[in-house]
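The values are calculated or read from the model by the stated rules, or taken from the named source; none is laboratory data. This structure is a prediction, so every number in the text was calculated from the model and none was measured. Here Cβ is always computed from backbone atoms with ideal geometry, including for glycine, and neighbour counts include all displayed protein chains. All accessible areas refer to the heavy atoms of the entire protein, side chains included, with ligands and DNA or RNA removed. Shrake-Rupley method; radii C 1.70, N 1.55, O 1.52, S 1.80 Å.
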Amino acid sequence: MKRYSVFAVAREALRHHTGWERAWRSPEPKKKYDTIIVGAGGHGLATAYWLGKNHGIRNVAVIEKGWLGGGNTGRNTTIIRSNYLQDPSAAIYEKSRSLYETMSQDINYNVMFSPRGVMMLAQTQHEVRGFKRTAHANALQGVTTEFITPARVKELCPIMEIGGPRYPVLGALWQPRGGTARHDAVAWGYARACSDMGMDIIQQCEVQSIRRENGKVTGVGTTKGDISCDRLGIVVAGHSGVLAEMAGFRLPLESVALQALVSEPIKPCMDVVVMANTVHGYMSQSDKGEMVIGGGADGYNNYTQRGSFHHIEETVRALIETFPMISRLKMLRQWGGIVDMTGDRSPILSKTPVDGVFVNCGWGTGGFKAIPGSGWAMAELMATGASPLADPFSLSRFREGRFIDESVAAGVAH
Ligand SMILES: Cc1cc2nc3c(=O)[nH]c(=O)nc-3n(C[C@H](O)[C@H](O)[C@H](O)COP(=O)(O)OP(=O)(O)OC[C@H]3O[C@@H](n4cnc5c(N)ncnc54)[C@H](O)[C@@H]3O)c2cc1C
């Protein structure tokens, strides 16, 4: 595959962009692969990428029922941070955040990582105490965060009204190297890198059954026929329960819709990401100028990848006291994705009761930020049977009561 570079752009500009090749191949499936990954979202593609890059496992197919990146990876609001409370979470999210720092160079694809800083507002005394505790925990974990004053909040984000009557801003947990990245580019960049290593990305191919013999996986049945494999990674976010049922086990997950919306594009007015957990809303400004706005997950289980009116009202109502300017914005569009939530709001990276089948799921409302680190850990788990980053997140924690409680860090999502 030809490298993208400033020289390539200049060369193509001179020949009217006729020389670009397709970023990834679209092959028909082979009869057998060493490893199959179900789900070409960010986590599935990153898993495949690190299997090839770190472990030399390249006879891999990534099977996707729709188009790659068409699930939550292409629907999220792209907040990247690692200011979690518990040590295993901080470890995997910080690994991931640090991989984002060099991702564009590593995969030769501009993912537009923008470490513009993320602040989580404290709008109650309870939150002040909680975030100060997280800042101390982060200091011990080697994650750079600090608790900042209301005056500093205002300095970093002048459009914010910090003296609101109901929920005044009392400070914020600030992570200066948190930020955003272009979500589609993360999926496309990994797909291109995987294809370049000889892996097959098979789109428009739904996995409909998982074949087993003597408790071991032997392959999958798909809309493009049966495909054999020695190892299977299930990386399908909101549809993890459906795939687990095909393999004959259950997962402690609920699937719910999470929605977001964007405004019409406006002039640059906000160069940080702000999350307001008490009122349940968050906002950033995209490079195109749209205000990207999201809130909490729907309060009922469903598989509907759509937005709904109640969400617009709830989220905008939540944010309007702190950001009065949004009352004058027009909404451009709204959408939803199906996220997979565990009881402790932490992910599952694990072996399963079926030999050779692994799951990577439960990222819930906040897995975009985890894509490179999760792929790194999942690949290590699949290739070697263990991974220091993944092991605390095994399924056995639910049997053993070893929960990794991140309901505060993941409370408002993201
Ligand atoms: C509105 C919204 C906002 C969000 N905001 C943030 C945020 O700001 N920051 C953050 O960190 N995270 C955020 N998230 C969460 C984040 O998007 C997800 O955790 C992450 O993208 C999950 O990636 P994935 O690769 O596991 O899943 P997905 O991207 O959903 O990929 C799974 C893929 O599996 C495929 N699939 C399913 N069933 C089958 C089958 N039977 N056969 C073949 N393929 C199948 C699907 O088509 C899909 O493409 C948000 C999510 C939503 C919906």
Sorted by chain and then number, the residues having a modelled amide H within less than 5 Å of the amide H of Lys32, at least 5 places away or on another chain, are Ser228
Can you tell me the alpha carbon radius of gyration of the range 10-89 divided by the globular rule-of-thumb value 2.2 N^0.38 Å?
1.48
When each pair of different Cα atoms in the range 153-210 is counted once in the 1/r mean, what is the Kirkwood radius in angstroms, to one decimal?
16.4 Å
Percent of Cα-Cα pairs more than 22 Å apart in the range 125-252, please.
63 percent
Rounded D (µm²/s) - the range 233-316, Kirkwood Rh over Cα pairs, Stokes-Einstein at 10 °C, 1.306 mPa s
106 µm²/s
Please list, short to long, the whole-number percent of alpha-carbon pairs of the range 346-410 in consecutive 10 angstrom bins beginning at zero.
22, 55, 22, 1
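With a 1.4 Å probe and all protein chains kept in place, how do His239, His280, His136 rank by accessible area, largest first?
Ranked from most to least accessible, the order is His136, His280, His239.
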Evaluate the distance, in nm, between pseudo-label points positioned 7 Å from the Cα of Asp87 and of Thr124 along their respective Cα→Cβ axes.
3.0 nm
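Which of the pairs Lys2/Lys95; Lys267/Lys330; Lys95/Lys216; Lys2/Lys288; Lys31/Lys216; Lys2/Lys53 have their Cα atoms more than 24 Å apart in this structure?
Long pairs (Cα-Cα over 24 Å): Lys2/Lys95; Lys95/Lys216; Lys2/Lys288.
Could you state the accessible area per residue of the chain in Å², with a 1.4 Å probe and every protein chain left in place?
Accessible area per residue, the chain: 42 Å².
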Along each principal axis, Cα extent of the range 183-229, largest first, Å:
40, 20, 18
Over the chain, with every protein chain in place, what whole percent of the accessible area is carbon and sulfur at 1.4 Å, could you tell me?
53 percent
From the C-alpha gyration tensor of the range 10-160, square roots of 5λ in Å:
38, 22, 14
How many percent of the alpha carbon pairs in the chain exceed a separation of 26 Å?
53 percent
Indicate, rounded to the nearest 5 percent, the antiparallel portion of the DSSP beta bridges found entirely in the chain.
70 percent
Run through all the Cα pairs of the range 70-113 and give the fraction in each 5 Å bin from 0, expressed as whole percent.
5, 20, 19, 24, 21, 8, 2
For the chain, averaging the sequence separation of alpha carbon pairs under 8 Å that lie six or more residues apart and dividing by its residue count, the contact order in percent is 23 percent
Just check the range 282-321 against the gyration tensor rule for me: Cα atoms, a ≥ b ≥ c as the square roots of the eigenvalues, rounded for a/c under 1.5, and otherwise prolate or oblate depending on whether a/b exceeds b/c.
oblate
How long is the gain from Lys267 to Asn110 if the chain were fully straight, where each residue apart is worth 0.36 nm and the alpha carbon distance is subtracted?
54.2 nm
Calculated FRET efficiency, Asn301 and Phe7, Cβ-Cβ r, R0 45 Å, to nearest 0.05?
0.30
Using a ≥ b ≥ c from the Cα gyration tensor of the range 261-309 (square roots of the eigenvalues), is it rounded, prolate or oblate, where a/c under 1.5 gives rounded and otherwise the larger of a/b and b/c decides, a/b for prolate?
oblate
Can you pull the Kirkwood radius for the range 274-382, inverse mean 1/r over Cα pairs, to one decimal in Å?
16.3 Å
For the range 79-165, rounded, prolate or oblate, judged on the Cα gyration tensor with a ≥ b ≥ c (square roots of eigenvalues), a/c < 1.5 rounded, else prolate if a/b > b/c?
oblate
